[in-house]
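> My structure is below; once you've seen it, I'll send some questions.
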Amino acid sequence: MPREDKRALVEGTIVEMGLQDCADTVIGNWHLRGVSGGEKRRVSIALELLMRPRLLFLDEPTSGLDSSSAFFVTQTLRGLARDGRTVIASIHQPSSEVFELFDMLFLLSGGKTVYFGQASQACEFFAQAGFPCPALRNPSDHFLRCVNSDFDKVKATLKGSMKARVERSDDPLDRMTTSEAIRKLVASYSRSQYYYAAREKVNDISRMKGTVLDSGGSQASFLMQACTLTKRSFINMSRDFGYYWLRLLIYLLVTVCIGTIYLDVGTKYTSILARAACSAFVFGFVTFMSIGGFPSFVEEMKVFQRERLNGHYGVAAFVISNTISATPFLILICFLSGTICYFMVRLHPGFEHYIFFVLNLYASVTVVESLMMAIASVIPNFLMGIIIGAGIQGIFMLVSGYFRLPYDIPKPFWRYPMQYISFHYWALQGQCQNDMKGLVFDNQYPDQPKIPGDFILKYIFQINVDRSKWIDLSVIFSMIFIYRILFFLMIKINEDALPWIRGHIARKRMQKKGPTPTMGKTPSLRGYVVDPELGSNEG
């Protein structure tokens, strides 16, 4: 579509949903209020209307809204239905005004049809079946009372109370269980004119010949999908204070603390351990802070999953756009914090050494971010994701070669393969070479000869000086690519394998499921019996 047509479609949808007053307002998040709850709900509906679907299914569009917002949303949906679209919605406790806006009503209980027909004729059907709606009761509440078996549990909880025994009502539901009422209503519907009218309508529709619908999906090119997603993700990251800006402030604060503690570390004998400790902290604990962005990753994954189900774009476009949009922020964070740390500590002088330090920090932070995105694709709970991500990084830091020298780490499992798949190991090896190689350090005693950095690397820290530090850096960059591929594969597995697994488990459970009792044990007032003559006794 031409850009002008897209803009006209968006503006028309905004007017259609009554969002003109908040068209230039951000949606909002934890630190920014944004639009109201009713406006958010209308925005989510408007997003689906952009594709101009002929059939629109909404799961409880009024849930969580006040009465006025619920009425406006339902009235808007009614207007869409009058425009030629079919709107199907499951409704959550509608008021009488909201209920009157519906054309057709479909009542289900335990998978059985209780009523299907005009909403305005539902009261007449229930009256004919022996369950008339009381004069002062909301019709929708009355229908729910008749078909929801949970009310049996409520009656069982109150059974035996003085109030329940003294008060009497003409309501037929007080003289029978809800299960019996449901069976009576289902039987009445199967013999009613509404059932035969629905059957006839279905038969008429089945004889109609229509066009074969395609499977849907986006008609935009891969480049258009990637560019649009990159722009949108970049805007979202720049607006969300907690996504990168807060992390930038924390990184600057921590690196200033590192710089003041290791200020002008020098080349004294004690500086040998100080330089190694500084590198271990920067490429261990500082990069560890990148897991703080996991809650934002989870929110982004929720948006992706919803739009992916609608076929708006592919997985590859999403992964690439996420990587590109995050790159400027990560470069900014690593460049500023790395510069502060490098020049305050006064690590190995030279532009090449400075660039390697910043690139090494950027690669390490990006690896952590890629790892957390892969975790977010399979674990939607941010607390569980942070715990798992922290555990994985803790194991990686343990085999990095600082807390236990590389040659002293047990070879089975911990050295092969854990040490080699730990990015902390490669980052620390490269930075130690970058910082100490070529320097000369004072000996412990003044009369002893100075100690070259190569000797310290090889015999004290057990680092292979024959391997170039740039190889260590290239390994970390390759890990970024591997984790992004893993992120892609996790999403594809979630899409293809998990639905089949869930369906298989559900079928197995249905086969093993026995007969469901009509009434379970009361959740409260257990063993509490009231006798009008003896008073209350506790069992």
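> Quick test for you: out of VAL319, VAL378, pick the one residue that is surrounded by fewer than 20 Cβ atoms within 10 Å (Cβ to Cβ), at pLDDT below 95 and under 30 Å from THR228 (Cα atoms).
Of the residues listed, the single one that is surrounded by fewer than 20 Cβ atoms within 10 Å (Cβ to Cβ), at pLDDT below 95 and under 30 Å from THR228 (Cα atoms) is VAL378.
> Filter the helices (runs of 4 or more DSSP H) completely within the stretch 357-456 down to those with at least 3 residues that are out of contact with any strand residue (DSSP E or B) (no Cβ under 8 Å at 6 or more places or on another chain) and among the aliphatic types (A, V, I, L, M).
Details: elements: 382-398, 418-421, 423-436.
In the stretch 357-456, the matching helices (runs of 4 or more DSSP H) lie at 382-398, 423-436.
> Every residue in the stretch 27-57 that is open to solvent by 30 Å² or more (accessible area, probe 1.4 Å) and either in a strand (DSSP E or B) or aliphatic (A, V, I, L, M) (or both), please.
The answer is ILE27, ASN29, LEU32, VAL43, LEU47, LEU50, MET51, LEU55, PHE57.
> Right, next: Report whether or not MET237 is surrounded by fewer than 14 Cβ atoms within 10 Å (Cβ to Cβ), over 22 Å from TYR402 (Cα atoms) and modelled with pLDDT of 85 or more. Before you say what the answer is, go through the steps one by one.
Working: surrounded by fewer than 14 Cβ atoms within 10 Å (Cβ to Cβ): no; over 22 Å from TYR402 (Cα atoms): yes; modelled with pLDDT of 85 or more: yes.
Answer is no for this residue.
For every residue, the table says whether it meets (1) more than 30 Å from SER422 (Cβ to Cβ); (2) assigned to a helix (DSSP H, G or I).
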residue	(1), (2)
THR211	yes, no
ASN236	yes, yes
TYR244	no, yes
GLY259	no, yes
ALA277	no, yes
GLY292	no, yes
MET301	no, yes
ALA316	no, yes
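> Sticking with this one: Filter the stretch 259-271 down to residues that are under 40 Å from the mean Cα position of the chain (by Cα), of a type outside the set (Ser, Thr, Tyr) and open to solvent by 10 Å² or more (accessible area, probe 1.4 Å), then give me how many there are.
Within the stretch 259-271, residues that are under 40 Å from the mean Cα position of the chain (by Cα), of a type outside the set (Ser, Thr, Tyr) and open to solvent by 10 Å² or more (accessible area, probe 1.4 Å) number 1.
> To continue, here is another question. Counting only residues that are modelled with pLDDT of 90 or more and among the aromatic types (Phe, Trp, Tyr), which one in the stretch 430-480 is surrounded by the fewest Cβ atoms within 10 Å (Cβ to Cβ)?
TYR459
> (1) buried (at least 16 other Cβ atoms within 10 Å of the Cβ); (2) at pLDDT 85 or above; (3) not hydrophobic (A, V, I, L, M, F, W, C): which one isn't true of THR76, the others all being true?
(2)
> Would you please list the contacts, defined by Cβ atoms under 7 Å and residues six or more apart or on different chains, that run from a residue in the stretch 13-24 that is within 15 Å of ARG41 (Cβ to Cβ) to a residue that is open to solvent by less than 20 Å² (accessible area, probe 1.4 Å) and not in a helix (DSSP H, G or I)?
What qualifies is CYS22/VAL35.
> Does ILE331 satisfy the condition of being part of a helix (DSSP H, G or I) and free of Cβ contacts under 8 Å to residues at least 60 places away in the same chain? Explain how you work it out, then say what you get.
Values: part of a helix (DSSP H, G or I): yes; free of Cβ contacts under 8 Å to residues at least 60 places away in the same chain: yes.
Judged against the criteria, ILE331 is a match.
The values are calculated or read from the model by the stated rules, or taken from the named source; none is laboratory data. Everything quoted here is computed from the prediction, not taken from an experiment. Here Cβ is always computed from backbone atoms with ideal geometry, including for glycine, and neighbour counts include all displayed protein chains. Please note that ligands, DNA and RNA were not included when accessible areas were found on the heavy atoms of the full protein model with its side chains. Shrake-Rupley method; radii C 1.70, N 1.55, O 1.52, S 1.80 Å.
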